[in-house]
1. Which of the aspartates and glutamates could a cross-linker span from residue 7 if the Cα-Cα distance has to be under 13 Å and same-chain partners fewer than 8 positions apart are dropped?
2. For segment 149-214, state what percent of all Cα-Cα pairs lands in each successive 5 Å bin, counting from 0 Å until the bin that includes the largest distance.
3. If I model a spin label as a point 7 Å beyond the Cα along the Cα-Cβ vector, how far apart are those points for residue 28 and residue 177 in nm?
4. Only Cα pairs within less than 10 Å get springs; with that Gaussian network setup on the chain, which residue of 155, 26, 220 has the largest fluctuation?
5. In the Gaussian network model of the chain, springs joining C-alpha atoms below 10 Å, which of 111, 229, 180 carries the largest mean-square fluctuation?
6. Taking segment 83-225 as the region of interest, what is the percent of Cα-Cα pairs per 10 angstrom bin, listed from the shortest bin to the one with the maximum distance?
7. Checking the cross-link filter: which aspartates and glutamates have an alpha carbon closer than 12 Å to that of residue 156, excluding same-chain neighbours under 8 positions apart?
8. Please give the per residue volume of the convex hull enclosing the alpha carbon atoms of segment 1-148, rounded to a whole number of Å³.
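The values are calculated or read from the model by the stated rules, or taken from the named source; none is laboratory data. This one's a predicted model, so the numbers in the text were calculated from it and none came from an experiment. Glycine gets a Cβ as well: all are built from the backbone with ideal geometry, and neighbour counts include every protein chain shown. We work out accessible area using only protein heavy atoms, side chains counted, and drop any ligands, DNA or RNA first. Shrake-Rupley method; radii C 1.70, N 1.55, O 1.52, S 1.80 Å.
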Amino acid sequence: MTDTLQKLLLAMLSSVRDLLPIILVIVFFQFFVLQQPLPNIAQILLGVLFVVLGLTFFIHGLEQGLFPIGESMATAFARKGSLFWLIMFAFSLGFGTTVAEPALIAVAEEAADIAAAGDMIGSSMEAKEGYADGLRYTVALSVGLAIVVGVIRIIKGWPVQWLIIGGYIVVVIMTMFAPAEIIGIAYDSGGVTTSTITVPLVTALGVGLASSIRGRNPMIDGFGLIAFASLTPMIFVMAYGMMI
């Protein structure tokens, strides 16, 4: 119990240290550039406290639970020797973590509001929810397939650079034909997808799998899945924009 409490306190200090540059930037520009007092100071301080606590528990939870279980499950599937279940696990992990990604939810909702304001979709709540959900599930599907490609790459030992180069060539070509309104959203979707939930689990999957396959180096072969998870949403979202 004492060891757990000590780890939590260290994680909290780390969270404060990570947030300190952001706080200093806000304080500097608010007081020295804008020369205005902070509005609702009590509410802001309470919000900062919640952010510190949330970040602390989140990081601690990742280290204690999600990262180890992701790595151990990848190792277990590799030792089991079932390619089908390994592929299913990789797809489900990529799809599930992306659907739950808070940054993607926020971007999808904002995109739906902007699309409704620009008369691209209806302004009703149902229309905006349908657009946001369609965007989220499109990105989630793309990430699931990306993780599958990354897992197959680790198993086969394919060089990552050629797959990445080929993928970005497709992105450039699609950018020339996709509607202008969807290009920015597509590019941002690739960024927000690889965020707080997806990255730890997908990284654990790659490292665990590479560590379990003879002839694979975890440092060389275990990483690179995140690159696929960032690349494929741009392709799929632009295709989604073309279809709707």
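1. 63
2. Going out from 0 Å in 5 Å bins, segment 149-214 shows 3, 14, 17, 19, 19, 14, 8, 3, 1, 0 percent.
3. 4.7
4. Sorting by GNM fluctuation, first place goes to 26.
5. The residue with the greatest mean-square fluctuation here is 180.
6. With 10 Å bins starting at 0, P(r) equals 12, 35, 32, 15, 5, 1.
7. 221
8. 185
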